[in-house]
Every structure is written in C-alpha cells, then in structure tokens.
Amino acid sequence: MSTVPIASSRSQWLPAYLALVVATSVATGVASWMFLPRPGLGPLLLLCLMGILSFQIREPDVGLRISFSFLSIILLASAAIVGAFGAWLVGSVSMLIDRRQRRWTATMFNAAMSGFVGAAGAMVYAMLGGVEGSGTVGLSTVALARDLGWPLFAADVVACLLNAALLSGVIHFDQGIPFGVQVRRVLSGSGVAFVGYGIIGLLFVILWYPAGLGAFSALLVLAPLLAARWAFIQYGEELRSHERTIDTLVTALGTKEPAAVDRSRRAAVLAEWIAEELGLTPGQIGTVRYAATLHEIGHLGVATRLLRRSPASLSPTERRVIDGHCVVGARMIEGIDFLEDARSGIRHQHERFDGTGRPDGRAGQDIPIAARIVAVTTAIDDVIREPGAAPVVSIAEVARRLRGDPGRFDPDVVAAAVIALDKHGWPAGSPAPVAS
C-alpha cells in the first residue's frame, strides 16, 4: 500500500479533494456495515493489529514522493476473511496511528484512502463470486482457483489501480504534477510489487480456511511478509545510493565552482517539471533529472581560471574549451550504470534543433530528449541570471527569448517550459523575476 505525505497546497481544489475522499470512504464504511454481512470480531481484531504493524514498519522512502508498506497484503486477505466492512475498517484503523506524520490532513487522507481501497477490493471480490470466510473450506483445487484465486487477483488489480489514482490525485493538486504522469510513476514504482504481493495474500487466506490453520496462519505468513519488506527496503536503498552518488559529483563540482551547485539544483527541478508536462515516462523523467543535475560536471575538466572569467573576455579558443565540457562530462560518468542513459543528455546539450550545433550536428528528434530539455533549462537560467535581468524579466519575456532563435530549441520543449513556469513559478534559488 502506497501513501503520501501532503506538503503545502498549490491548488485551491486540494481541500475539496481531500474532503471528497474522506467523505466517500466514510460513506462506504457506513453502507457496508448496514447492508453487507458483518465480520467476526476475532479475525477482525487480528487483521487490524497486523495492518497497524505493517504500516508502522513501512519503508518510508522509495523515491516516488510516497512510502510503501505491505498493508495491501492484509487488505487483500481481509476481502476473503472479513468482507467489505472488515477490509474498510482494517485499512482505516491501520493508518490512523502514524507517528511519522505531523499533518493530520495527511493522516486522515491516508486512512480514508486505505479504507476505501480495502472496501472496493472486497466488493470486487464478492461481485466476481469470491467465497468469504469458511465457505472456502473443502473446495477442490479448481474451485479454489475459480472462487478464491481469480476473484482475489481481480480485487488486487483494482485496489492497485485505485490506490495509484487516489495518490496521484492528491499529488496533482498538492504539487502540480500532471495526473497521468504521477499514475505511471506510482504504477512503475510500486505497482508490480502491489499486485505481486497478492500471492502472499492468497496464501494467507488458503492457510486460514482451506488448510484449517485459522489465526495461526498469521504467524506462517509473517516470514514472507518480512521478506517482502526487506526486498522493498533494498529497492529504496538502491535509489538512495543513486542520489548519494549524484550529490557526491555535484559536491565535487562545487569545490571548483561553488555557483554551479545552485545552477545544477535549479536545472534539475525545472527539467523535471518540463519532462512531466511533456508526459514522459517515469524512467525518462529520472534520466532527464540526472542529466540536468550533472549538465556542468564537465567543468571539472576545464581550467578554473577560464570558468571565473566573463564570457566576453574569452578568446574563441578558450570559448571552445569551455563549450567542450559537455563531451568531457559525458566521458566522466561513463561506467556508472544508472547514469548511462543520462550521458547522451549531457553530451548533446549544445546541439541545435536545426542541426547546426555541436558536438555531432544532430537535428530535431535525433537529439536525445534529455539534451533538448537541458538546453532549454540552462537557457532559462541564463536569461534570469543575466546582469540587470532581475526583477524585470517575466515568464513571457523568457518565452520570447527562447522563441527568438527558432533553430536552437525544440518548440515543444519550449512550450512545456512556459506551461511549467506558469504552473510552478520559478525554481527555488532563482532570482526573483516578475510572474507575468
């Protein structure tokens, strides 16, 4: 089960969205209590305790602005063991106790979302003929697959999609990320695990009823649950190790050119915004962010005395040396596997859309998308940092400057950049140009 911390509202619709999710979840719980079979107290309490435990030991950072727990496994098993109301209560109670979350709005949203996802999965399970409780006892292998396995799988997929949609909605209103982009991010980051963990949920149910182990089955599934958590922790740690590598490279650049650190951070933020507006895949967005962060890493191979001089004072030969940093930078990160795709974005950032750029004279769509985005982000930063620009340069003026040389930039990237700036404003650390 994925959850999200709510930061600060960027949209006036965020409170309404939060209220709608909470109200829908509460209504679902009340309706399931009134009109659907009620669960036994013993199994319900056990599943609630397991849900609380799974959420408390969740993996807090998987690089997607979300955290992940194996609560989805408990909710899926709840669909067959305690029904719709039971699954709703397990989901809601599990997230109401959150020691890591200081914002009550985030806690309420996560609890409402989890309860609603649990109830929805249980309803899908029931609608597809899934057998609840002791009705699974004595079923043949074929009947188990038909009346338990297939309905649980469908419920798992629906719960996964609903979880991704609700999360992406709140992130869209809170952070301005396009809904479709965020859905793909969540599904690519935790969707496979969410659905795959359904196998453990199925095992849990089979051990509980057909195998006749009852509550003791909770102990037997504890080992695969902890193994699943360990696997996801390793995934999160790998992502964090990537970030530490990037930070090390940027820090090394900062020792030679301190101002480059802030430029790298601004470029990364703006490049990610542009990539989101272009609807790139999560993998492509990550590549773009890496390329933008390290777009000046090649300056480590340029003499410091040249970097500290103004561009106007450089001779043509010295200018070519500095401009060659993109090729040097691409070579410097060669052999770092997770940066392999970003290398082309660094190498080709000085290409022109009309094919007259450097180092290889690529044109149009032959220029890697990461390089086209980095070219625009660095040009924007140059405009707003040029002497005398702030605070009189507006977003409209930046757009006019970028479009003033139609052969230089990809027009689609320029359009996406303007939309991103209108939506998010200027990246943190930028000078303060006027908004329009």
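The values are calculated or read from the model by the stated rules, or taken from the named source; none is laboratory data. Bear in mind the structure is a predicted one, so any value in this text is a computation, not a measurement. Neighbour counts are summed over all protein chains in view; Cβ atoms, including those assigned to glycine, are modelled from backbone coordinates with ideal geometry. Just so you know, the surface numbers come from the protein's heavy atoms only, side chains and all, with ligands and any DNA or RNA stripped out. Shrake-Rupley method; radii C 1.70, N 1.55, O 1.52, S 1.80 Å.
Worth a mention:
- Test for residue 228: is it assigned to a helix (DSSP H, G or I), touching a Gly at 6+ places or on another chain (Cβ under 6 Å) and open to solvent by less than 30 Å² (accessible area, probe 1.4 Å): no
- Filter result (of a type outside the set (Asp, Glu) and in contact with a Leu (Cβ under 9 Å, 6 or more places away or on another chain)) within region 256-267: 256, 260, 261, 264
- Enumeration of residues in region 321-348 that are modelled with pLDDT of 90 or more and of a type in the set (A, V, I, L, M, F, W, C): 326, 327, 328, 330, 332, 333, 336, 338, 339, 342, 346
- Meets criteria (under 15 Å from residue 221 (Cβ atoms), of a type in the set (A, V, I, L, M, F, W, C) and crowded, with 20+ Cβ neighbours inside 10 Å) for residue 204: yes
- Test: residue 248 is modelled with pLDDT of 90 or more, of a type in the set (S, T, N, Q) and farther than 30 Å from residue 194 by Cβ: yes
- Filtered by the rule that a residue be charged (D, E, K, R) and within 12 Å of residue 193 (Cβ to Cβ), region 228-242 gives a lone residue, 229.
- Per-region count, region 407-436, residues modelled with pLDDT of 85 or more and either more than 15 Å from residue 377 (Cβ to Cβ) or open to solvent by 30 Å² or more (accessible area, probe 1.4 Å) (or both): 8
- Residue under evaluation residue 55, criteria (1) surrounded by fewer than 24 Cβ atoms within 10 Å (Cβ to Cβ); (2) modelled with pLDDT under 80, criterion not met: (1)
Conditions (1) open to solvent by 20 Å² or more (accessible area, probe 1.4 Å); (2) at negative phi; (3) modelled with pLDDT under 95; (4) of a type in the set (A, V, I, L, M, F, W, C), marked per residue:
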residue	(1), (2), (3), (4)
277	yes, yes, yes, no
303	yes, yes, yes, yes
312	yes, yes, yes, yes
350	yes, yes, yes, no
359	yes, yes, yes, no
374	no, yes, no, yes
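- The one condition in (1) over 23 Å from residue 160 (Cβ atoms); (2) of a type in the set (D, E, K, R); (3) without any contact (Cβ under 8 Å) to a residue 60 or more places away in the chain that residue 240 fails to fulfil: (3)
- Hits in region 257-268 - residues which are closer than 22 Å to residue 336 by Cα and open to solvent by 40 Å² or more (accessible area, probe 1.4 Å): 265
- Scanning region 319-373 for residues that are among the β-branched types (Val, Ile, Thr) and in a helix (DSSP H, G or I) returns 321, 322, 327, 328, 346, 369, 373.
- Some residue of region 159-174 being aliphatic (A, V, I, L, M), buried (at least 19 other Cβ atoms within 10 Å of the Cβ) and either over 22 Å from the mean Cα position of the chain (by Cα) or modelled with pLDDT under 85 (or both): no
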